[in-house]
Amino acid sequence: MERIHITDVAPRDGLQNQRVPVLTGAKLELIRRLAAAGVQSVEATSFVSPKAVPQMADAAALVPQLKTAVPGLRCSVLVPNLKGLERAHAAGAEEIAVVLSATETMNRRNINMGLAEATEVSEQTLAAAQRLGLRTRAYVAVAFDCPFEGATPLDEVVRLARRMHEAGAGEVVIADTIGSAAPGQVKARLAALREAVPVDRLAMHFHDTRGMGVANAWAALEAGVRRFDASVGGIGGCPFAPGAAGNVATEDLVLMAAQSGFDAGISTDGLIDAVDYAEAQLQRPLGGRSITWLRRQREKARETQTG
Ligand code: COA
Ligand code: ZN
């Protein structure tokens, strides 16, 4: 089995858009269950304006508790600007992710900057983070389509991915923010992106709005990508990108990968425990396409054990 790496973004991308307020302790418990399932890295929260995203207002309280709650887990936090980096560093974060959208309008809606300014601010934030000794990721968001401007030009995505790589981003995360990509496009975009960024530094971040998340991940696997974002239970969606559904579910991705010869080091039984907990917190049914099947398999296995 070849190894793949999954960053579970449920605690940030998954929760940021939820109407039910989730307490800091509950976020920690969700992260603890992810770690118990074998997840090796998560995006834990974001240091953004609490007015923009009230659900992430507790970032400075959450981060210091991660070291004891989930020792050894790699925890990244999203920061939109230098103020976010300062707050993240003060809280003890060891890894940050900047978020650059590939269109003018999406940057304005998301972080109130134009594309040129957002690019410069992302570069400055990456540079400052590296001076502080932090690990870094850089999102290139709306890398397929923008909810405001339509199809995103590939040249632009490649140009920005290259700039983020040259600015020292440890991982460049190509994000299908609204979940509009299809496998053929993933293949075509990755052929061009691989020329700009070494494939082992590329990660793919798919949303499952149209049920193509797993197919898109497969196209990326075939194109040589081994790093993925996913969200347990398929929770998620950007409040500033209308029409976006949740991320591809971690359990769906892990299952597909395992049956295709790729090991994520994550137990699907452990993920079910995390989905159960998230359901109780958010008070609604969650889970990707495979959750019912996975639960049934676990039941069957338990019945066999108890005879
Ligand atoms: N964290 C917390 N507060 C922040 C901040 C950050 N990273 N950056 C700026 N602020 C504060 C400023 O200090 C200022 O506070 P004040 O009103 O008390 O003086 C206020 O926000 C406005 O500052 P300004 O620089 O004018 O920001 P803005 O209003 O243009 O908003 C962002 C810019 C980036 C802070 C805001 O758009 C944002 O938080 N976006 C995040 C969106 C997001 O999370 N999207 C989903 C993930 S991709
Ligand atoms: Zn996302």
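From its DSSP helices (H runs of at least four residues, each -39,500 (n - 2.57)), the chain gives a residue-normalised ellipticity at 222 nm of -14000 deg cm²/dmol.
Assign one of three labels to segment 38-187, namely rounded, prolate or oblate, based on the Cα gyration tensor with a ≥ b ≥ c the square roots of its eigenvalues; rounded applies when a/c is under 1.5, prolate when it is not and a/b is larger than b/c, and oblate otherwise. It comes out prolate by the Cα gyration axes.
Taking every C-alpha pair closer than 8 Å and separated by at least 6 residues, the mean separation divided by the residue count of segment 59-160 gives a relative contact order of 27 percent. In this rough spin-label picture, where each label sits 7 Å from Cα along the Cβ direction, the Lys83-Gln305 distance is 5.0 nm.
With R₀ fixed at 30 Å, the C-beta to C-beta distance from Arg210 to Ser49 puts the FRET efficiency at about 0.50. Annotation: the antiparallel percentage among DSSP beta bridges lying fully within the chain is about 10. Calculate how steeply helix 268-282 sits against the longest principal axis of the alpha-carbon atoms of the chain, using the helix alpha-carbon long axis, and give the answer as 0 to 90 degrees to the nearest 10. That helix lies at roughly 70 degrees to the long axis. Among rounded, prolate and oblate, which fits segment 220-307 when a ≥ b ≥ c are the square roots of the eigenvalues of its C-alpha gyration tensor, a/c under 1.5 means rounded, and a/b larger than b/c means prolate? The shape class here is oblate. Computed from label points 7 Å out along Cα-Cβ, the spacing between Arg162 and Ala36 is 4.8 nm. Working ranking of peptides 153-166, 98-111 by packing, defined as the average number of other Cβ atoms within 10 Å per residue, highest first, is 98-111, 153-166. One Cα centroid belongs to segment 1-75, the other to segment 261-307; the line between them spans 19 Å. The Ala127 and Ala258 beta-carbon pair, evaluated with R₀ = 35 Å, returns a calculated FRET efficiency of approximately 0.35. A full extension of the chain between Ala188 and Glu279 corresponds to an added length of 29.1 nm, given 0.36 nm per residue minus the alpha carbon distance.
With contacts defined as alpha carbon pairs under 8 Å and 6 or more residues apart, what's the relative contact order of segment 2-306 in percent? Worked out over segment 2-306, it gives 20 percent.
Neighbours of Arg32, meaning other residues whose beta-carbon lies under 15 angstrom from its beta-carbon, give a summed charge of 0 when Lys and Arg score +1 and Asp and Glu score -1. With both labels modelled 7 Å from their Cα along Cα-to-Cβ, the Val20 to Lys67 distance reads 3.2 nm. One way to sum up the overall shape of the chain is the equivalent ellipsoid from its Cα gyration tensor, whose semi-axes run 28, 23, 18 Å, largest first.
Exposure proxy for Thr125, Thr304: other Cβ atoms within 10 Å of each Cβ, ordered fewest to most, give Thr304, Thr125.
None of the figures in this text is laboratory data; all of them are computed from the coordinates on show. All values reported here derive from a predicted model rather than from experimental measurement. Here Cβ is always computed from backbone atoms with ideal geometry, including for glycine, and neighbour counts include all displayed protein chains.
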